[in-house]
Amino acid sequence: MTVAENAIAALQAAADAYHAKIADINERMDLAEADYQTKLAALGVRKYAARDTASRSYSTAWADGLVTDWWRMRGGVAIDISIAVPMRNESASWGGGYTELLYDVGDGWVSLGDSGYDGPMISGAANGILTYSREVLIDALSAEDYDVRFKFRHKSYDGTLIVNGLRDLKGEHFGTLLKAVC
């Protein structure tokens with residue numbers, strides 16, 4: 001072989017090695033892109049909602065209301081909760097109702113607090129027909145993905161509190177609502 005033929009053969013071998021490296025890099029990039037897309041899809045926003053249209057009556061003792069199914073939350077992400085509870089105070093004096101929201105991640109119910117005198121209270125000799133609404137932001141309950149469920153509890157201040165009832169609500173879309181976005 002001549003010097004020129006050796007140089008051409010060496011260039012051809014170098015070009016073949018270069019193309020093999022490019023093919024290997026492209027294959028690894030395709031795998032990395034597929035992995036990235038899978039992980040990105042797993043990070044999507046998770047939204048849940050539960051609605052309760054059953055008419056429920058409460059005395060001055062705490063009692064359970066709506067309890068959600070188990071919802072899968074993303075680890076390390078805060079949960080934005082929206083609630084709306086239509087209620088009617090059947091008292092002829094100052095009074096109203098309390099609403100408490102609790103969560104459970106499998107080891108028992110934990111309270112996020114109750115409404116106190118905020119919103120569902122009325123003064124005077126008339127029934128109060130109100131909707132208690134609130135936004136709650138809670139920190140991530142785990143660094144890893146986890147399951148959680150929520151529960152409402154209610155009570156009257158001084159008589160009878162009706163949740164979802166005695167308001168002439170019509171249709172399946174009106175009642176207690178809990179939404180969670182994670």
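The values are calculated or read from the model by the stated rules, or taken from the named source; none is laboratory data. This is a predicted model, so every value here is computed, not measured. Cβ placement follows ideal geometry from the backbone for every residue including glycine, while neighbour counts extend to all protein chains displayed. Heads up: the accessible areas ignore ligands, DNA and RNA and are worked out on the full protein's heavy atoms, side chains in. Shrake-Rupley method; radii C 1.70, N 1.55, O 1.52, S 1.80 Å.
Accessible surface computed residue by residue for the stretch 1-141, with neighbouring protein chains in place and a 1.4 Å probe, gives 62 Å² per residue. For the chain, the longest principal axis of the alpha carbon atoms and the long axis of helix 3-42 meet at an angle near 10°. For a quick check, take a GNM of the chain with Cα springs below 10 Å and name the residue from Ala140, Ala13, Ala50 with the largest mean-square fluctuation. Between Ala140, Ala13, Ala50, it is Ala13 that shows the largest mean-square fluctuation.
Close amide H pairs (under 5 Å, H built 1.01 Å from N) link Thr131 with Met87, residues at least 5 positions away or on another chain. When a/c reaches 1.5 or more, the comparison of a/b and b/c decides; with that in mind, is the chain rounded, prolate or oblate per its Cα gyration tensor? Prolate, because a/c is 1.5 or more and a/b exceeds b/c. Can you figure out the FRET efficiency of Trp70 with Leu166, using R₀ = 30 Å and their beta-carbon distance, to the nearest 0.05? Working from the Cβ atoms, E equals 0.40. Taking only protein heavy atoms and a 1.4 Å probe, the accessible area of the chain is 54% carbon and sulfur. Annotation: extensible slack from Lys21 through Asp80 equals 16.4 nm (criterion: 0.36 nm per residue apart, minus Cα-Cα distance). With +1 assigned to the C-beta of every Lys and Arg and -1 to the C-beta of every Asp and Glu, and no other charges, what is the dipole magnitude of the stretch 30-105 about the Cα centre in debye, to the nearest 20? I would put it at about 180 debye.
Here the spin labels are modelled as points 7 Å beyond Cα on the Cα-Cβ line, and at Glu33 and Trp94 they lie 6.9 nm apart. When shorter helices are ignored and each DSSP H run of at least 4 residues is given -39500 (n - 2.57), the per-residue value for the chain at 222 nm works out to -8000 deg cm²/dmol.
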